[in-house]
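Enquirer: Below is the structure I would like to discuss, written out as structure tokens.
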Amino acid sequence: MINVTKKDGELEPFKTGKIEKTIRKAGASAAIAKKIATSIQKVAYDGITTDEIRRIILEQLKRLDKNAAEAYSAYQKTED
């Protein structure tokens, strides 16, 4: 099982559904959200950080949906 390391050091099981939900909240389509979540699942490793996942999401959104990328970036700034 792959675990994600959160900012506070806590480990949480990797869930593509959580990634898809976050991307959808930024305004991306379900198809784009699934595509990005699946690509992250392929490169995820045990202990991957939430920051690394966020970086990959933003990088891919910039290529696939610029408006959603801007919304995601603005949302992430409020989370930090």
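The values are calculated or read from the model by the stated rules, or taken from the named source; none is laboratory data. Given the structure is predicted, the values throughout are model-derived calculations rather than measurements. Ideal geometry is used to build each Cβ from the backbone, glycine not excepted, and the neighbour counts take in all protein chains shown.
Enquirer: Say we look at region 68-80 and pick out the residues that are of a type in the set (A, V, I, L, M, F, W, C) and within 17 Å of Lys35 (Cβ to Cβ); which of these is surrounded by the most Cβ atoms within 10 Å (Cβ to Cβ)? First the steps, then the outcome.
Expert: Here is the first cut: in region 68-80, the residues of a type in the set (A, V, I, L, M, F, W, C) are 68-69, 71, 74.
Pick out the ones that are also within 17 Å of Lys35 (Cβ to Cβ) and you get 68-69.
Numbers: Ala68: 23, Ala69: 21.
If we take residues in region 68-80 being of a type in the set (A, V, I, L, M, F, W, C) and within 17 Å of Lys35 (Cβ to Cβ), then Ala68 is surrounded by the most Cβ atoms within 10 Å (Cβ to Cβ).
Enquirer: Please pick out the residue among Ala37, Ala44 that is within 23 Å of Asn3 (Cβ to Cβ) and touching an Asp or Glu at 6+ places or on another chain (Cβ under 6 Å).
Expert: On the way: Ala44 fails: touching an Asp or Glu at 6+ places or on another chain (Cβ under 6 Å).
Just one listed residue meets the conditions, Ala37.
Enquirer: May I pose another question? Of the conditions (1) of a type in the set (Gly, Ala, Ser); (2) farther than 18 Å from Lys77 by Cβ; (3) in contact with a helix residue (DSSP H, G or I) (Cβ under 7 Å, 6 or more places away or on another chain), Ala44 clears all except one; give me its number.
Expert: Status for Ala44: all satisfied but (3).
Enquirer: Now for a different question. Taking region 1-17 only, how many residues are of a type in the set (Gly, Ala, Ser) and within 11 Å of Gly47 (Cβ to Cβ)?
Expert: Residues flagged as of a type in the set (Gly, Ala, Ser) and within 11 Å of Gly47 (Cβ to Cβ) within region 1-17 amount to 1.
Enquirer: Only one of Asp65, Asp46 is of a type in the set (D, E, K, R), modelled with pLDDT of 95 or more and surrounded by 14 or more Cβ atoms within 10 Å (Cβ to Cβ). Can you tell me which?
Expert: Unique residue meeting the criteria: Asp65.
Enquirer: Also, I was wondering about something else. Please enumerate the residues belonging to region 22-39 that are in contact (Cβ under 8 Å) with a residue 12 or more places away in the chain and surrounded by fewer than 18 Cβ atoms within 10 Å (Cβ to Cβ).
Expert: Of everything in region 22-39, those that are in contact (Cβ under 8 Å) with a residue 12 or more places away in the chain and surrounded by fewer than 18 Cβ atoms within 10 Å (Cβ to Cβ) turn out to be Lys25, Gly27, Ser29, Lys34, Lys35, Thr38, Ser39.
Enquirer: Moving to a separate point now. Output the number of residues of region 6-21 satisfying the condition of being surrounded by 17 or more Cβ atoms within 10 Å (Cβ to Cβ) and not aromatic (Phe, Trp, Tyr). Break it down into steps so the answer makes sense when it comes.
Expert: Here is the first cut: in region 6-21, the ones surrounded by 17 or more Cβ atoms within 10 Å (Cβ to Cβ) are 14, 19-20.
Now drop any that are not not aromatic (Phe, Trp, Tyr), which leaves 19-20.
Summing the residues that are surrounded by 17 or more Cβ atoms within 10 Å (Cβ to Cβ) and not aromatic (Phe, Trp, Tyr) in region 6-21 gives 2.
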